[in-house]
Amino acid sequence: MIKNKAPTNVIQANFGSEFKPMSRSHLDREIEKLKQMILALSALVEESVHRAVRSVRDNDVELARMVIDGDSEIDSAEVDVEEECLKALALYQPVTIDLRFIVAVLKMNNDLERIGDLSANIAGRALSLAKHPPLEPPFDLESMSEKTQKMLRDALQSLVTMDSNLANSVRTADSAVDEIHRATYKRVQEEVKRTPQHATQLITYLSVARHLERIADQATNIAEDVIYMIDGAIVRHTPEGQI
Amino acid sequence: MKRFSLRWQLTALLVAITGVTILALCITARSELIKAGVREAQSSLLQKSIFAAKSSKVNQVLTPKDAQILSEEQGEALAARVTYILKDGTVTADSKAENGHLAEHSNRPEVKNALLGRATSVMRYSTTLERDFIYAAAPIIDHQDPVAVIRLSVPLETIVRSLESSIRRVYIVGGLCFILIISVVYIVGSRLESDTTATVFALTELAAGNILSPPPNFSFRAFDSIWNILRTLRNVVDKRADLLASIERDLDAILMTITDGVILVDSSDKIIRINGAARNLLDLDKKNVIGLSIPEAVFSAEFQRFVRNAGARGKPLSGTIAFHGSSEKLFQISSHRLKDFDSTFVGTLFVFSEVTHIRRLENVRSDFVANVSHELKTPVTSIKGFVETLLGGGVDDEKDITRFLGIISAQTDRLHAIIEDLLSLSRLEEGQRKRTMHLVRSRLRPIIEASVRECAARADARNISLVFECSPTVDAYVNPGLLEQALVNLIDNAIKYSLEGGRVEVIATEGQRDLTITVQDNGIGIEKKHLSRIFERFYRVDKGRSRDVGGTGLGLSIVKHIAQAHGGFATVESHPGKGSAFSIHLTQPAAEESLQANGQDFMETSRRM
């Protein structure tokens, strides 16, 4: 009995001292790779949003086409990130912070892809706006898009720096964008009554505002994923300032 | 495993070696001493026995009673046991035996030999007394014939005991030697240890880059030379470190001074160097990016794409990329892969500079050429058309001719105005370049009043109320004629782009060191995307409309240049549908002008020194 037991102990000791650190560094490398991939994807998405907004602002049909065509690049990057996440989960069975990181990346990946779709939609609106005589947007497109892009940028920055404070600030910024969207809705309602000949453009602008508002929501989701990753707390359904 | 210190290691080793040696010596000495003692005792016993045999009388020996007395006498005298043995082996007397019989002794080897006439000594175990004994036997000769044997015996113990003190002395000397050796070894070991400790300490200090302390007193000369080598090594290391530090300092100075952004990444694409220009261009501020990868540090898809391509191509790469941080920028960027002496890849260098401005100027220039041709061509075409019609002679009606000539006159005026404006622009530019602008201190209010008066008729015609607001005491260093021209241009524009019944205000506000004159209207306003280019020559917000309302397309450009000629600048703020506000900002040198000039002189002289 005793003789049988001794070798088992030896094997366990080997597992403890040699096998584990080796797999650890593999996992570290994998996580580093995932981080680079999600950062590359987020930069692509951010660029796409920026261009989409500019295409609306400048009536730039060419730029809008570029955004719409660029969506496929975002989609394929999303698929790559997802496959890499699944690979990491299957191969290394990560725990604690590593597991949370991969789960957060998976969710962020979805959010980013969705933002890519929304910005393609905005570019689509730019195309339809270009078909009609130009009209000033019924809302402050510049400041709304700036706020939205700042939220998106901060959310992604908080991922890079692992800064949960920054992520929290993104959550609080969301209400300002929501406010602009609500105001736009009222404004469009009035304007349509006043100048029914501009109804098409006004409604198109309203949908641009709605897409921007959705992007801001997705940025908030990303920020929440970052908070989950850093603190391990799920803050999705708690009001801000209660964590 | 616990490691013992040097002196203990040395001592332990020497304890083992000397211990074994001295022990072996002592044991050998003891056994040799005993051997020698026994040999000596044997030979003396033999002599004794021969002597006793010669001095013994045969008769006495043969009678047991006498023999007993004799044996006891002799035993006392010779300090041995004395035994008499007859030829047949019977013992007649024994000095130590109790009266009882002794066994027959003829078979004892010494006795056998003695009976054959040879005196012999042996060492053997006595079965009688159950101890080791030395025996010596000699024949007692009667008439050439051995009749009996006298045997002497002494226990070995007695002899050994007599040697005991000598052996003890050997042991004591051995022990003393041992202690001496060990103490010497311990002392030497201690010194060796303290020397090595000091050397090791010095080496550690050297490795840590600390200053080498003065050498301690070494017990061994070898360590002095080691210390000297260390000192030389230290100097070499110091020189290298100084060299490295100076290279580093020079490199930092170079990187900080150049206006191009420089980023250096290592072979695993982590940033190892970045200069201030790169931080400014990429809006990184003080953020710590050393050790981050480019995607982590620079949040721009185009930049990242370029970096990826540069990595994949493995060749120098250059291109233009758009970057949008706090503002839209265009970068001209190039990459260079860095190789070590043995051509292993060690990193990539990215150098980039902002070309936004250059690109913008290129656009402005090409637009200007296109616009100026267009602006000049329109009136010329019109004039040409009407003149050809008139020359063709098909028009007879006096009224038509007058109308045509009127149009030609108007277009000529327009052409004249454009050329006039271009000329005044070039004069302004030249004046700015050569600094020949003549500025005088004058009241501001009359200038504004004059320009408002000039535009009043046009304002009335469109039913626009034109008001101005300026404190009568404001003074400014201006060129009154030019400032009036600028204000007339602005007011004229405001009237043109206002709706019927609108309102145009001219407001002068005085700040601490500056003066702002704003012309505000509540007209149609300008879209934000045009604002950055509106001061360009011939830039038209709405190409069709502007020409309808007249103007040369140079008015605002002239305003900008006049503001600049005054050392100020022009700005615009506008909201579509709400109106626009154009401002001329003039910095006022006031009374400190002369002081400032002196200060500059002083600074220049100090720089020369």
**Message:** Please count how many residues of region B:382-434 are among the hydrophobic types (A, V, I, L, M, F, W, C) and within 30 Å of B:His566 (Cβ to Cβ).
**Reply:** 8
**Item:** Residue tally, condition touching a Lys or Arg at 6+ places or on another chain (Cβ under 9 Å) and within 14 Å of chain A (Cβ to nearest Cβ), over region B:295-315
**Value:** 5
**Asked** Identify, please: which residue in region B:406-439 is farther than 19 Å from B:Thr552 by Cβ and exposed (fewer than 12 other Cβ atoms within 10 Å of the Cβ) and is, among those, modelled with the lowest pLDDT?
**Response** B:Thr436
**Asked** Taking only pairs six or more apart or across chains, which ones have beta-carbon atoms under 7 Å, a first residue in region A:28-49 that is more than 7 Å from chain B (Cβ to nearest Cβ) and assigned to a helix (DSSP H, G or I), and a second residue that is buried (at least 20 other Cβ atoms within 10 Å of the Cβ) and of a type in the set (Phe, Trp, Tyr)?
**Response** A:Ile31/A:Phe101
**Request:** Return yes or no: is B:Phe4 at pLDDT below 85 and either in contact with a helix residue (DSSP H, G or I) (Cβ under 9 Å, 6 or more places away or on another chain) or closer than 24 Å to B:Thr120 by Cβ (or both)?
**Result:** yes
**Asked** Restricting region A:53-70 to residues that are among the acidic types (Asp, Glu) and within 13 Å of chain B (Cβ to nearest Cβ), which is surrounded by the most Cβ atoms within 10 Å (Cβ to Cβ)?
**Response** A:Asp60
**Item:** Neighbours by Cβ (under 6 Å, 6+ apart or cross-chain): first from region B:68-96, without any contact (Cβ under 8 Å) to a residue 12 or more places away in the chain; second buried (at least 17 other Cβ atoms within 10 Å of the Cβ)
**Value:** none
**Request:** Write out, first by first residue and then by second, each pair whose Cβ atoms fall under 8 Å of each other, whose residues are 6+ apart or on separate chains, and whose first residue, in region A:83-94, is touching a residue at least 12 places away in the same chain (Cβ under 8 Å) while the second is of a type in the set (Ser, Thr, Tyr) and not in a loop (DSSP other than H, G, I, E, B).
**Result:** A:Tyr92/A:Ser23
**Complete:** The condition of being in contact (Cβ under 8 Å) with a residue 40 or more places away in the chain, more than 23 Å from A:Ala40 (Cα to Cα) and among the hydroxyl-bearing types (Ser, Thr, Tyr) holds, among B:Thr348, B:Thr378, B:Thr356, only for B:Thr378
**Message:** Is it the case, given these coordinates, that B:Arg191 is without any contact (Cβ under 8 Å) to a residue 60 or more places away in the chain and in contact with a Pro (Cβ under 9 Å, 6 or more places away or on another chain)?
**Reply:** no
**Message:** When you scan region A:194-207, do you find a residue that is among the aliphatic types (A, V, I, L, M), under 23 Å from the mean Cα position of the chain (by Cα) and crowded, with 20+ Cβ neighbours inside 10 Å, even just one?
**Reply:** yes
**Message:** Can you report the number of residues in region B:488-520 which are touching a strand residue (DSSP E or B) at 6+ places or on another chain (Cβ under 7 Å) and of a type in the set (S, T, N, Q)?
**Reply:** 5
**Complete:** Counting only residues that are more than 18 Å from the chain's Cα centre (by Cα) and at pLDDT 85 or above, region B:276-292 contains a total of 7
**Complete:** Across region B:233-276, the tally of residues that are in contact (Cβ under 8 Å) with a residue 40 or more places away in the chain and farther than 26 Å from B:Phe345 by Cα stands at 1
**Request:** Kindly check whether there is at least one residue in region A:113-127 that is more than 14 Å from chain B (Cβ to nearest Cβ) and of a type in the set (S, T, N, Q).
**Result:** yes
**Fill in**
Considering region A:150-168, residues that are surrounded by fewer than 22 Cβ atoms within 10 Å (Cβ to Cβ) and over 25 Å from B:Gly291 (Cβ atoms), and then whichever is farthest from the other protein chains (Cβ to nearest Cβ), we arrive at A:Asn168
**Prompt:** Can you tell me which residue in region A:134-149 is farthest from the other protein chains (Cβ to nearest Cβ), limited to those that are closer than 18 Å to A:Ser169 by Cβ and among the polar types (S, T, N, Q)?
**Reply:** A:Thr148
**Search result, residues across region B:440-477 that are surrounded by fewer than 12 Cβ atoms within 10 Å (Cβ to Cβ), at pLDDT 85 or above and β-branched (Val, Ile, Thr)** = B:Val467
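One line per residue, one yes/no per condition, for (1) without any contact (Cβ under 8 Å) to a residue 24 or more places away in the chain; (2) closer than 12 Å to B:Ile159 by Cβ:
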position: B:Trp8; (1), (2): no, no
position: B:Leu13; (1), (2): yes, no
position: B:Ile22; (1), (2): no, no
position: B:Arg30; (1), (2): no, no
position: B:Leu33; (1), (2): no, yes
position: B:Val38; (1), (2): no, yes
**Asked** Restricting to strands (runs of 3 or more DSSP E) lying wholly in region B:424-486: which have 3 or more residues that are within 60 Å of the chain's Cα centre (by Cα)?
**Response** B:475-478
**Subset tally (residues that are small (Gly, Ala, Ser) and closer than 25 Å to B:Ser498 by Cβ) for region B:421-470** = 7
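The values are calculated or read from the model by the stated rules, or taken from the named source; none is laboratory data. Because the structure is predicted, anything quoted here is derived from the model rather than measured. Every residue, glycine as well, gets a Cβ built from its backbone with ideal geometry; the counts of neighbours run over all protein chains shown.
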